[in-house]
Amino acid sequence: MAQFFEVHPDNPQLRLLKQAAQILHKGGLAAIPTDSSYALVCHLDDKAAAEQLRRVRGVDDRHHLTLLCRDLSELASYAMVDNRQYRLLKHATPGAYTFILPATKEVPRRLSHPSRRTIGLRVPDCRVTQALLEELGQPLLATTLIPPGEDEPLNEASEIRARFEHQLQAIVCIGACPREPTTVVDLTGPEPELVRSGRGDPAVLGL
């Protein structure tokens, strides 16, 4: 049964986020708000939690998972970034963009793409997400909360609770989030490639 935390979107109660962070530290799976939609998240280093995240989301190991990072300095620990890529990242973060980048050795192999050795990373522009990441002290492994067999992400915590409370250990609620996933940009090639157009404006990146 998931613990339900109602958090103020602009002034989140740190005691509630501390409790949510403790659940994640112990291997729990949580639904949290972001600047695009609600996301499923778990501890980066917990293999069992990552496998449960994939099961709940209904995806296999070829589906790119994303690391939610606090800032670009944290992102650099998990992705190899050259000067050109860094300028693009700095221009678009924080924001509703996910960037596919070459993974560093800091990223467990089971979490990166099995054939490409890449990882999705992003810096969300959401006070609650940022406060939770600060409390946790490291990135979160994440995927957009789209139920298996459906196309649209869930954006109401009450609906997430009704459908997933027996599969999650925590739900952080701020009310409705946007019902639009991030814009995904692949930065592994010679030029940025738009993989999915979403909430982030591709024109900001010249795409």
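Multiplying the residue separation of Y86 and Q13 by 0.36 nm and subtracting their alpha-carbon distance yields 23.0 nm. Compute the angle between helix 47-57 and the longest alpha-carbon principal axis of the chain, please, reported from 0 to 90 degrees and rounded to the nearest 10. It works out to around 80 degrees. Separation of the range 132-207 and the range 8-48, taken as the distance between their Cα centroids, equals 13 angstrom.
A full extension of the chain between H63 and E51 corresponds to an added length of 3.1 nm, given 0.36 nm per residue minus the alpha carbon distance. Rounded to the nearest 10 degrees, the angle from helix 127-136 to the longest Cα principal axis of the chain is 90 degrees.
DSSP bridge analysis restricted to the chain gives an antiparallel fraction near 60%, rounded to the nearest 5. Applying the Kirkwood pairwise sum to the alpha-carbon positions of the chain produces a hydrodynamic radius of 16.8 angstrom. For helix 83-92, report the angle its Cα long axis makes with the longest principal axis of the Cα atoms of the chain; keep it between 0 and 90° and round to the nearest 10°. Roughly 40 degrees, rounded to the nearest 10.
How much mean residue ellipticity at 222 nm does the chain get from its helices, if each DSSP H run of length 4 or more adds -39500 (n - 2.57) and you divide by all residues, to the nearest 500 deg cm²/dmol? Only helices count here, giving -7500 deg cm²/dmol. Contact order, relative form, for the range 1-113: 19 percent (alpha carbon pairs under 8 Å, 6 or more residues apart, mean separation divided by residue count). Classified by the C-alpha gyration tensor, the range 6-62 has an oblate form. Its axis ratio a/c, with a ≥ b ≥ c, is 1.5 or above, and a/b does not exceed b/c.
Multiplying the residue separation of E6 and E74 by 0.36 nm and removing their Cα-Cα distance gives an extension gain of 21.7 nm.
No lab work stands behind these numbers, since they all come straight from the coordinates. Here the structure is a predicted model, which means the values were calculated and not measured.
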